[in-house]
Amino acid sequence: MTSPYFDLTGKVALVTGGSRGLGYQMAKAFALHGADIIVASRKLDACEAAAEDFRKMGRRAYAHAAHCGRWDDIDALIEASYAKFGRIDILVNNAGSGPRMASHEVTESLFDSVLNLNFKGPFRLASQVAKRMADGDGGSIINISSSGSLVPLPHVVPYGSAKAALNAMSLSLAHEYAPKVRVNTICPGPFLTDISKAWPEEMRQSADNAMRRPGKPEEIITAALYLASPSSSFTTGSLLRVDGSAA
């Protein structure tokens with residue numbers, strides 16, 4: 001039985017990077033609470049596998065391959081999503097990544113790639129969907145940032161900087177498309193998703209935060225459900241830290 005506070009029955013949610021990790025957990029939670037799901041990431045087979053999971057829950061689900069740092073791909077994703085469902089009620093800008101390396105070794109092409117995926121692409125997707133939401137019945141946009149946008153994060157400076165830009169973008173879009181569209185940010189800390197398999201065991205067991213550990217993927221769920229649902233109808237422009245309180 002789902003919570004009445006997080007009822008998403010009849011809603012359509014688009015989640016980028018929704019085939020694995022935190023994106024998959026959020027998409028799954030939305031499906032469990034009644035939403036139909038659009039899953040987007042680079043690999044169509046991974047998107048289709050996730051979509052099939054959601055169909056087994058009795059939801060409609062659509063898989064779409066897109067590079068979420070490229071505006072042409074994003075525009076195609078938007079058009080396909082509206083053609084399939086006629087609406088997007090919830091958008092989660094979750095796709096992102098940032099390779100670790102010394103800042104003086106970052107090439108221009110890598111810098112551009114990180115900024116494209118973590119800021120330029122999310123800006124395009126959020127702004128275009130926000131306009132359609134504002135012209136329709138409204139909606140909720142959730143941008144997934146990082147604790148690295150708030151605290152020093154050496155060796156991934158372009159990533160942390162792009163996520164800081166995402167934070168500023170969320171607040172500005174919240175004001176630009178209010179009152180019908182709410183735009184909020186979740187700032188996760190380290191989570192034990194697929195990427196953590198490459199971490200040293202010490203990093204998997206402990207973290208430099210108040211909780212002294214990384215998060216479990218399912219620990220992102222309630223934050224996303226709150227911001228996606230009508231229960232957060234008076235919450236916009238907020239930044240919610242789900243990072244175990246990083247220093």
Exercise for the section: Could you please find all residues in the stretch 132-163 being among the hydroxyl-bearing types (Ser, Thr, Tyr) and touching a Gly at 6+ places or on another chain (Cβ under 6 Å)? Expected result: 147, 149, 159
Completion exercise
Residues of the stretch 46-72 being farther than 20 Å from residue 116 by Cβ and in contact with an Asp or Glu (Cβ under 6 Å, 6 or more places away or on another chain), in sequence order, are 59, 60, 63
Exercise for the section: Considering each of 95, 49 in turn, give the residue that is surrounded by 23 or more Cβ atoms within 10 Å (Cβ to Cβ) and farther than 16 Å from residue 128 by Cα. Expected result: 95
Fill in the blank from the handout: When residue 178 is run through (1) closer than 23 Å to residue 47 by Cβ; (2) in a loop (DSSP other than H, G, I, E, B); (3) small (Gly, Ala, Ser), the failure sits at (1)
Practice task
Those residues that are among the small types (Gly, Ala, Ser), surrounded by 20 or more Cβ atoms within 10 Å (Cβ to Cβ) and not in a strand (DSSP E or B), I need them from the stretch 140-170; list them, please.
Solution key: 145, 146, 147, 148, 149, 160, 162, 170
Problem - Positions within the stretch 72-105 being farther than 28 Å from residue 9 by Cβ and of a type outside the set (Gly, Ala, Ser), in sequence order - result: 72, 73, 75, 99, 100, 101, 104, 105
Completion exercise
Residues of the stretch 34-48 being touching a Ser or Thr at 6+ places or on another chain (Cβ under 8 Å) and charged (D, E, K, R), in sequence order, are 43
Completion exercise
Taking first residues from the stretch 211-237 that are over 16 Å from residue 9 (Cα atoms) and in a helix (DSSP H, G or I) and second residues anywhere that are of a type in the set (A, V, I, L, M, F, W, C) and modelled with pLDDT of 95 or more, the pairs with Cβ under 7 Å that are 6 or more apart or on different chains are 220/26; 221/26; 221/29; 223/186; 223/240
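The values are calculated or read from the model by the stated rules, or taken from the named source; none is laboratory data. Remember, predicted model here, so these are calculated numbers, not experimental data. Neighbour counts run over all protein chains shown; Cβ positions are idealised from the backbone, glycine included.
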